[in-house]
Amino acid sequence: MKKKFIIYSFFTLLTSQNLIADNSIKNKNITLWLNSKEFRFAEYMSKCKVQHPDSSISNCNEFNNLRHRHLEDKFKLGNAYQIFE
Amino acid sequence: MKFLIFFMILSSCVLTGKTQSLREAEKYACLAPSINYKSLDALHATKITAITWAKKYTNQALTREFNIGDKCLHTKLLIKMLYTSEDADIGKWTNKLENTSGQIKIIKTYYGSGSNGLAGCRYYISRLSKDGNQEDRGFIACPNQLGWGILDDSRGFPVPAHLVFAGWYFYDERFFK
C-alpha cells in the first residue's frame, strides 16, 4: 500500500511539474505578445476608422492608399507601424 | 447529470459556432488565421452550410491544435510582416520546448488599377510545423472587404472573409483558384 502510494505520488509530482513548466512557457509567450508593440498596433488598427471626403468610412490600414491612383504616392511601407508608439 | 453538462457545452458551441480554442485565441487576440485555421474554417462554414460546418467542426475537434502561446507568437510575427515587410521577405519563430515553429513569407502585394479589385491586398504563405509535420496555407489579406464579382460562390454571393482582424480582411487563398 505504502509502495503504491509512493509511486502514485511520484507520478503525480512529475506530471504536475510538467504542467507547471508547460503553463509557464505558454504564459511567457502570451505575456510577450500582450506587452508587444505588435499587439497594441493590432488593437489600434482593429478599432481605427477614418471618414473620407465622400463621407464613406474605411479602416486606417495604409494599404487602402494602393486602391486609389491619386493616393498611391502617399503610401510608404511600414510608415504607420514605425510612427506608432 | 453528465449528459446535461455535455449537452450544455455542445449547445453553446452550436449556438456560437466557435470552438473552445478559438474563444481562447479571441481572448488574447492571438488570431492569425493559419494557426487557428480549422476553428476559423468551421466558423466560416456556418456562413455557408450547416452540414459543411458539422464536418469541419468535428475535424477540428479531433485534431491536436497549437497551444495559445504558439498562436500568440505567430500572430505577433504576422502583424509585423503584413505592415512592414517587403515582398519575398520571410519571418520565423521557433518554440523548441513544444517542438513547434512557424514561418511567414510575403509573396506579393497588389498595386493599382490592374489588380482586378485586389489593389492593396497582400498574398502570403504561412508554414507551420509541429512534431515534424509541416503544413502550408496561403492567405490574401486585404485592407477592405472584397466586393461583388471578385470572390463569388456558386449562388453569386461574395464569399465572406475568414477573419477580420487588425485592419485586415483575411481570405483563404483556395477560394481564388
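Name the residue that is nearest to A:Glu38 (Cα to Cα), counting only residues in region B:97-117 that are at pLDDT 90 or above and facing chain A (nearest Cβ under 10 Å). Full working, then the answer.
At the first step, the residues of region B:97-117 found to be at pLDDT 90 or above are B:99-110.
Narrowing further to those that are facing chain A (nearest Cβ under 10 Å): B:109-110.
Values: B:Thr109: 21, B:Tyr110: 23 Å.
The extreme case among them is B:Thr109.
Out of all the residues in region A:48-61, which are surrounded by fewer than 16 Cβ atoms within 10 Å (Cβ to Cβ) and closer than 13 Å to B:Pro143 by Cα? Explain how you work it out, then say what you get.
From region A:48-61, those surrounded by fewer than 16 Cβ atoms within 10 Å (Cβ to Cβ) are A:48-57, A:60; that's our starting set.
A:Cys48, A:Lys49, A:Val50, A:Ile57, A:Cys60 - these are the residues of region A:48-61 that are surrounded by fewer than 16 Cβ atoms within 10 Å (Cβ to Cβ) and closer than 13 Å to B:Pro143 by Cα.
Here are some residues: A:Leu77, A:Leu19, A:Leu71. Which one is more than 8 Å from chain B (Cβ to nearest Cβ), modelled with pLDDT of 70 or more and either surrounded by 15 or more Cβ atoms within 10 Å (Cβ to Cβ) or assigned to a helix (DSSP H, G or I) (or both)?
Numbers: A:Leu77 fails: more than 8 Å from chain B (Cβ to nearest Cβ); A:Leu19 fails: modelled with pLDDT of 70 or more.
Of A:Leu77, A:Leu19, A:Leu71, the one residue that is more than 8 Å from chain B (Cβ to nearest Cβ), modelled with pLDDT of 70 or more and either surrounded by 15 or more Cβ atoms within 10 Å (Cβ to Cβ) or assigned to a helix (DSSP H, G or I) (or both) is A:Leu71.
Please go through region B:63-96 and pick out each residue that is crowded, with 19+ Cβ neighbours inside 10 Å, among the acidic types (Asp, Glu) and within 9 Å of another protein chain (Cβ to nearest Cβ).
Matches in region B:63-96: B:Asp70 only.
Which count do you get for residues in region A:22-68 that are assigned to a loop (DSSP other than H, G, I, E, B) and without any contact (Cβ under 8 Å) to a residue 12 or more places away in the chain? Write out each step before concluding.
Here is the first cut: in region A:22-68, the ones assigned to a loop (DSSP other than H, G, I, E, B) are A:35-36, A:48, A:52-56, A:60-61, A:68.
Now narrow it down to the ones that are without any contact (Cβ under 8 Å) to a residue 12 or more places away in the chain: A:35-36, A:52-56, A:68.
The total comes to 8.
Can you name the residue in region B:131-177 that is among the basic types (Lys, Arg) and within 24 Å of B:Ala88 (Cα to Cα) and, of all such residues, is modelled with the highest pLDDT?
First pass over region B:131-177, keeping only residues among the basic types (Lys, Arg): B:137, B:155, B:174, B:177.
Retained after the next criterion (residues that are within 24 Å of B:Ala88 (Cα to Cα)): B:137, B:174, B:177.
Working: B:Arg137: 94, B:Arg174: 83, B:Lys177: 68.
Across region B:131-177, the extreme among qualifying residues is B:Arg137.
Evaluate the following for B:Thr94: is it of a type in the set (Val, Ile, Thr), within 17 Å of A:Ala42 (Cβ to Cβ) and at pLDDT 85 or above? Can you show your working first?
Numbers: of a type in the set (Val, Ile, Thr): yes; within 17 Å of A:Ala42 (Cβ to Cβ): no; at pLDDT 85 or above: yes.
Answer is no for this residue.
Cβ contacts < 6 Å: first residue assigned to a loop (DSSP other than H, G, I, E, B), restricted to region B:128-147; second residue of a type in the set (A, V, I, L, M, F, W, C), any location; separation 6+ or different chain. Result?
B:Pro143/A:Phe63
Just to verify a result, which residue in region A:35-47, among those that are within 8 Å of another protein chain (Cβ to nearest Cβ) and within 8 Å of B:Ala166 (Cα to Cα), is surrounded by the fewest Cβ atoms within 10 Å (Cβ to Cβ)?
Going through region A:35-47, the residues within 8 Å of another protein chain (Cβ to nearest Cβ) turn out to be A:36, A:38-39, A:41-43, A:45-46.
Next, only the ones that are within 8 Å of B:Ala166 (Cα to Cα) stay: A:41-43, A:45-46.
On the way: A:Phe41: 19, A:Ala42: 25, A:Glu43: 13, A:Met45: 23, A:Ser46: 16.
Out of the qualifying residues, it is A:Glu43.
From B:Thr100, B:Thr94, which residue is in contact (Cβ under 8 Å) with a residue 24 or more places away in the chain and more than 26 Å from A:Asn59 (Cα to Cα)? Reasoning before the result, please.
Values: B:Thr94 fails: in contact (Cβ under 8 Å) with a residue 24 or more places away in the chain.
That would be B:Thr100, the only listed residue that is in contact (Cβ under 8 Å) with a residue 24 or more places away in the chain and more than 26 Å from A:Asn59 (Cα to Cα).
The values are calculated or read from the model by the stated rules, or taken from the named source; none is laboratory data. Note that this is a predicted model, so its numbers are computed, not measured. All Cβ positions, glycine included, derive from the backbone under ideal geometry; neighbour counts span all protein chains shown.
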